[in-house]
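K.L.:
Dropping the structure in here first, questions after.
The values are calculated or read from the model by the stated rules, or taken from the named source; none is laboratory data. What you are looking at is a predicted structure, and each value in this text was computed from that prediction instead of being measured. Here the Cβ positions follow ideal geometry from the backbone for every residue, glycine too, while neighbour counts run over all protein chains shown. Calculation scope for accessible area: heavy atoms of the full protein, side chains included, ligands and nucleic acids excluded. Shrake-Rupley method; radii C 1.70, N 1.55, O 1.52, S 1.80 Å.
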Amino acid sequence: MLTHAWRCALIAVLFVISQSSAFSADITIVENGQARAAVFVPARLLDDRAKNPESPGLARTWKAEDQRRRLRESVYDFVA
């Protein structure tokens, strides 16, 4: 059985989740073949892919360089 405090917390979380869509707005990235958004990233993120390729199993590490490469590949995937 849930205690009163846990029940109240659960109700509060469910309320916040249900209301979050009310505060969000739709965004349009592409409309009629024209870009409506821009992606800005620091130059150091978009280094040469050939010199610093993404290694297998990259998502399982917390090394800063591996995370930078992962972010680089995600940016390339998003804007492609």
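K.L.:
Let me spell it out: the conditions are (1) at pLDDT below 70; (2) open to solvent by less than 90 Å² (accessible area, probe 1.4 Å); (3) within 30 Å of A80 (Cα to Cα), and A22 meets all of them except one. Which number is the exception?
P.N.:
Failing condition for A22: (3).
K.L.:
Here's something else I'd like to know. Taking segment 65-80 on its own, how many of its residues are among the hydrophobic types (A, V, I, L, M, F, W, C), more than 11 Å from V39 (Cα to Cα) and in a helix (DSSP H, G or I)?
P.N.:
Count: 1.
K.L.:
May I ask you to list the residues in segment 46-80 that are of a type in the set (A, V, I, L, M), modelled with pLDDT of 75 or more and more than 25 Å from T28 (Cβ to Cβ)?
P.N.:
Residues satisfying the conditions are A50, A64.
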